[in-house]
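The values are calculated or read from the model by the stated rules, or taken from the named source; none is laboratory data. No experiment lies behind these values; they were computed from the predicted model shown. No Cβ is skipped: glycine too gets one built from the backbone with ideal geometry, and neighbour counts run over all protein chains shown. These area figures cover heavy atoms from the full protein model, side chains too; ligands, DNA and RNA do not enter into them. Shrake-Rupley method; radii C 1.70, N 1.55, O 1.52, S 1.80 Å.
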Amino acid sequence: MSRREILPDRTGHFGPFGGKFVPETVMAALDELERAYAASRRDARFRRELRGLLRQYAGRPTPLYHARRLSKALGSLKVYLKREDLLHTGAHKINNTLGQGLLAVRMGKRRLIAETGAGQHGVATATVAALFGVECEVFMGEEDMRRQALNVVRMRLLGARVTPVSGGTKTLKDATSEAIRNWVTTVRTTHYCIGSVVGPHPYPMLVRDFQAVIGREARAQILAAEGRLPDLLIACVGGGSNAIGLFHPFRHDRRVNMIGVEAGGASLTPGHHASTLVKGRPGILHGAYSLLLQDRFGQVLPTESISAGLDYPGVGPEHAYYQLTKRAQYVTVGDAKALRGAELLARTEGILPALEPAHAIAYLAELAPRLPRGSCVVVGLSGRGDKDVETMSASMSAKHAA
Amino acid sequence: MPHRASPIVHAFERLRRARRTALIPFVMGGDPTLSMTGPLLLALEDAGADLIEVGIPFSDPLADGPIIQGASARALAHGATPARVLAAVASVRHRLRVPVVCLSYWNLLVQFDGRGAQGSLRAFVRAAQESGVSGVIVPDLPVEEHEPLRRAVGDTGFSTVLLAAPTSPPERLRAIARSSQGFIYYVSVTGTTGVRRTLPPGLTHGVRQLRLLTTKPICVGFGISTPAQAAAVARIADGVIVGSALIRAIERSRGRSAILRSAETFLRRLRNAV
């Protein structure tokens, strides 16, 4: 990655990754979105409006909190948590949906659709739809609706229609496919508010730009607190939006290492994890060429993870490019360790994280003994754990019964 | 111009001379089973098909509605792979007179022999031609990304058929018309594949717009289900593509001969209307 390289390039590629691989029917809408986004980016009024909403409505800036007890528990580290869990609706997803919602209104689209896994993006989209007074339909796998029943209720309370998806694995992958199919049908009136840095260009770019507020704030905050840049950034990666949001503004800071933590699920046998960057091969899913969990024929493999938000066989093309160019490193943490990560943070800091960032906490705990004394680490705490209490309680009672 | 003759181009030249509209049925390779695919192709030819589209099943078919999604899932459950679907076509290639064109999502072609994209694409084109397949349609490969496939095809005479949609603006239609080989697949509706009660109102206008930009044959698909709809499309297009409605007719039959019979009956009714 050279210093001046612009990511993505004009055709939406991050090195070999990215691009647009979607039915012709939505190609014109992608072009329209690209133009609208380019115009908005230059428009001071749009930027002011978004900044205002992020401050007044979502609760930005979020604190960069020095987690002293966690730091001590892990040895002699300096661990900072970027508290996206404190945002309205409970996760970083709202940064993106506010941005895309404003764009949609600007394009004159009166309906938002979204896919959701854990339900956080669905809630964030339903929230913004209510705020802007537009219609909202969220596609969610039946299995995820069961696992994240609380978020289904939240979306419905916000006035969104939640459509169960019964095809395939009944999780995020199939919800995304169904959202794209719906978009193909309703494209003239509807904006597809994609929830992560995946999908066809310009989505990986625009979602990253809306999430990059995480890294921009964190960079300024750590400089203010420590007078230097951190040694390491750690964040969980499903599609990878909170991680890219944290990483991207640091990408030219050569001394800052970056680690993305993927879901190791039950085990690393094919079909039982969601570690796309660690175990996948290049391929095409949902409109982008990136890494993909697939069999040797190119059929997409099922995935498994205790956290619905990471349970996805694809990953954002910018992450695939960071891995290829060694700008970031990607690792995997399984279900059991992630649960212990959540518990560790809850017990040491009184912060119950979502199971997604619990993977990042768990990896940090594993890595801590190998880090130099006094290392300064920023962890992307992408969401809070309220939605996962039931899952955690099921695994706690299983443990106590054993 | 391709150095080697394209069977699809020839087929349309013959049809044009005979003033006949192409009837193009779609079946999913491996649905209901791999051993049925060859016999189904022969039955469809007997019933009046001029070209046959054979789907290669994919786990995540983004452009397809529930009927073809179901067919893909059944075919995969029965062990259909790209190579096995090609083998099923090859098993009847010497008895089949009409050209066969495959429909495949892009990832399956890119992974075809597991040796990187360009090697896989070349291997796919070679294997397809050896099996008697004359072209490919890739529903998730827009014109600006199709260069690698074009390069793999080279001067083999294999056709890369591109899709145009009602939402394609004129500059996209022009690029698609310029690059599509064999024919242009005009998507009749803003939507996924599936059976629909009526044809979209803007269809005639859309096809006419495309017609102004090209002399290549235009075939219309998505949502055409009944003889009356096929007849209406035949008045404006060079070919009528029918997929979901045929699959639904097959789905309702049990047993080998009943399936072949219902496919044949279904297509004959359309043939009489077109």
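Scanning segment B:48-60 for residues that are in contact with a Pro (Cβ under 8 Å, 6 or more places away or on another chain) and in a loop (DSSP other than H, G, I, E, B), we see that the one that is surrounded by the fewest Cβ atoms within 10 Å (Cβ to Cβ) is B:Ala49. Taking the criterion of being surrounded by 24 or more Cβ atoms within 10 Å (Cβ to Cβ) and either away from every other protein chain (no Cβ under 14 Å) or β-branched (Val, Ile, Thr) (or both), the only residue of segment A:278-295 that qualifies is A:Ile284.
Take A:Arg48 and tell me if it is within 30 Å of A:Asp231 (Cα to Cα) and not in a loop (DSSP other than H, G, I, E, B). Considered against the rule, which asks whether it is within 30 Å of A:Asp231 (Cα to Cα) and not in a loop (DSSP other than H, G, I, E, B), A:Arg48 comes out as no. A single member of A:Arg156, A:Arg188, A:Arg219, A:Arg228 is of a type outside the set (Ser, Thr, Tyr), within 14 Å of another protein chain (Cβ to nearest Cβ), farther than 25 Å from A:Leu292 by Cβ and open to solvent by 20 Å² or more (accessible area, probe 1.4 Å), and it is A:Arg188.
Considering A:Tyr57, A:Tyr65, the condition of being modelled with pLDDT of 95 or more and in a strand (DSSP E or B) is satisfied by A:Tyr65 alone. What is the one condition in (1) on the phi > 0 side of the Ramachandran plot; (2) without any contact (Cβ under 8 Å) to a residue 60 or more places away in the chain that A:Arg281 does not satisfy? If we test A:Arg281 against (1) on the phi > 0 side of the Ramachandran plot; (2) without any contact (Cβ under 8 Å) to a residue 60 or more places away in the chain, just (1) comes out false.
Return the residues of segment B:48-66 that are of a type in the set (Asp, Glu) and either farther than 22 Å from B:Val98 by Cβ or more than 16 Å from the chain's Cα centre (by Cα) (or both); say none if nothing qualifies. Let's see the steps before the verdict.
Keep residues of segment B:48-66 that are of a type in the set (Asp, Glu), which gives B:50, B:53, B:60, B:64.
Matches in segment B:48-66: B:Asp60, B:Asp64.
Let's see how each residue does on (1) free of Cβ contacts under 8 Å to residues at least 60 places away in the same chain; (2) over 30 Å from B:Ser168 (Cβ atoms); (3) assigned to a helix (DSSP H, G or I):
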| residue | (1), (2), (3) |
| --- | --- |
| A:Glu5 | yes, yes, no |
| A:Lys20 | no, no, no |
| A:Val26 | no, no, yes |
| A:Tyr37 | no, no, yes |
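Any chance you could count how many residues in segment B:103-119 are assigned to a helix (DSSP H, G or I) and touching a Gly at 6+ places or on another chain (Cβ under 7 Å)? If you could, list the steps in order and put the result at the bottom.
Of segment B:103-119, the ones assigned to a helix (DSSP H, G or I) are B:106-110, B:117-119.
Next cut, touching a Gly at 6+ places or on another chain (Cβ under 7 Å) only: B:107-108, B:110.
Qualifying residue count for the region: 3.
Scanning for something of a type in the set (S, T, N, Q), closer than 28 Å to A:Gly141 by Cα and within 14 Å of chain B (Cβ to nearest Cβ), does segment A:322-333 turn up at least one residue? No. Scan segment B:167-185 for residues that are within 17 Å of the chain's Cα centre (by Cα) and at the interface with chain A (Cβ under 10 Å from one of its Cβ atoms) and the total you get is 2. Counting only residues that are touching a helix residue (DSSP H, G or I) at 6+ places or on another chain (Cβ under 8 Å), in contact (Cβ under 8 Å) with a residue 40 or more places away in the chain and in a loop (DSSP other than H, G, I, E, B), segment A:84-125 holds 5 of them.
Quickly run through segment A:68-83 and pick out the residues that are surrounded by 17 or more Cβ atoms within 10 Å (Cβ to Cβ) and in contact (Cβ under 8 Å) with a residue 60 or more places away in the chain. Show your work before the answer.
Narrowing segment A:68-83 to residues surrounded by 17 or more Cβ atoms within 10 Å (Cβ to Cβ): A:70-71, A:73-74, A:77-83.
Passing the criteria: A:Leu70, A:Ala73, A:Leu74, A:Leu77, A:Lys78, A:Val79, A:Tyr80, A:Leu81, A:Lys82, A:Arg83.
Please go through segment A:251-267 and give me each residue that is more than 21 Å from A:Ala342 (Cβ to Cβ) and either touching a residue at least 60 places away in the same chain (Cβ under 8 Å) or crowded, with 24+ Cβ neighbours inside 10 Å (or both), ordered by number. Break it down stepwise before answering.
Going residue by residue through segment A:251-267, those that are more than 21 Å from A:Ala342 (Cβ to Cβ) are A:251-258.
Result: A:Arg251, A:His252, A:Asn257, A:Met258.
Just to be sure I understand, how many residues within segment B:71-82 are within 9 Å of chain A (Cβ to nearest Cβ) and either surrounded by fewer than 17 Cβ atoms within 10 Å (Cβ to Cβ) or under 18 Å from B:Arg248 (Cβ atoms) (or both)? Adding up the residues that qualify gives 1.
Please pick out the residue among B:Ala123, B:Ala164 that is within 24 Å of B:Ile56 (Cα to Cα), more than 10 Å from chain A (Cβ to nearest Cβ) and in contact with a Phe, Trp or Tyr (Cβ under 8 Å, 6 or more places away or on another chain). Full working, then the answer.
Numbers: B:Ala164 fails: more than 10 Å from chain A (Cβ to nearest Cβ).
Residue meeting the stated conditions: B:Ala123.
Inclusion of B:Ala128 among residues that are open to solvent by less than 10 Å² (accessible area, probe 1.4 Å) and not in a helix (DSSP H, G or I) is not warranted.
Within segment B:126-159, count every residue that is within 14 Å of another protein chain (Cβ to nearest Cβ) and free of Cβ contacts under 8 Å to residues at least 60 places away in the same chain.
Residues of segment B:126-159 that are within 14 Å of another protein chain (Cβ to nearest Cβ), as a first pass: B:127, B:137-149.
Checking the rest, the ones that are also free of Cβ contacts under 8 Å to residues at least 60 places away in the same chain come to B:127, B:138, B:141-149.
Selection size over segment B:126-159: 11.
Candidates are the residues of segment A:174-185 that are within 24 Å of A:Lys387 (Cα to Cα) and open to solvent by 10 Å² or more (accessible area, probe 1.4 Å); the one that is nearest to the other protein chains (Cβ to nearest Cβ) is A:Asp174.
How do the pairs read when you match residues in segment B:234-259 that are open to solvent by 40 Å² or more (accessible area, probe 1.4 Å) with residues anywhere that are at pLDDT below 95, using Cβ under 7 Å and keeping only pairs 6 or more apart or on different chains? Short answer, once both residue conditions are applied: B:Arg248/B:Val195. In a residue-by-residue description of segment A:140-148, the property of being in a strand (DSSP E or B) and either open to solvent by 10 Å² or more (accessible area, probe 1.4 Å) or of a type outside the set (S, T, N, Q) (or both) applies to at least one position. Whether any residue in segment B:198-206 is closer than 22 Å to A:Leu30 by Cα and open to solvent by less than 20 Å² (accessible area, probe 1.4 Å) is what I want to check. Looking for residues that are closer than 22 Å to A:Leu30 by Cα and open to solvent by less than 20 Å² (accessible area, probe 1.4 Å), one finds at least one in segment B:198-206, hence yes. In segment A:302-320, the count of residues that are at the interface with chain B (Cβ under 9 Å from one of its Cβ atoms) and of a type in the set (A, V, I, L, M) is zero. Considering segment A:8-67, and only residues there that are more than 22 Å from the chain's Cα centre (by Cα) and among the hydroxyl-bearing types (Ser, Thr, Tyr), the residue that is surrounded by the fewest Cβ atoms within 10 Å (Cβ to Cβ) turns out to be A:Thr11.
Given the options B:Gln111, B:Gln118, name the one that is more than 17 Å from the chain's Cα centre (by Cα) and at the interface with chain A (Cβ under 8 Å from one of its Cβ atoms).
B:Gln111
Counting only residues that are outside any helix (DSSP H, G or I) and open to solvent by 10 Å² or more (accessible area, probe 1.4 Å), segment B:147-161 holds 3 of them.
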